[in-house]
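All remarks here apply to the structure that follows.
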């Protein structure tokens, strides 16, 4: 009595490399997007401060010129 039974002992999920690569790319792009946003926000604040300083400087120069 020799019966062939096909029994499968391992479970194959079948994830593959493509979905894992897509997930990795998605995480990288999200990280770079957040970093870009933070950098742009910091540069905007810094340029606003520079504009304010220049306006104050020009106002002081104009006031000194009018006092002469």
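FYI, it's all coordinate maths here, none of it is from the lab. These numbers come from a predicted model, not from an experiment.
Classify region 23-68 as rounded, prolate or oblate, taking a ≥ b ≥ c as the square roots of the eigenvalues of its Cα gyration tensor: rounded when a/c is under 1.5, otherwise prolate if a/b is larger than b/c and oblate if not. Note, shape of region 23-68 comes out prolate. If the chain linking residue 35 and residue 64 were pulled fully straight, counting 0.36 nm for each residue of separation and taking away their Cα-Cα distance, it would gain 6.1 nm. Remark: the residue 22-residue 49 segment gains 5.6 nm on full extension, using 0.36 nm per residue and subtracting the alpha carbon distance.
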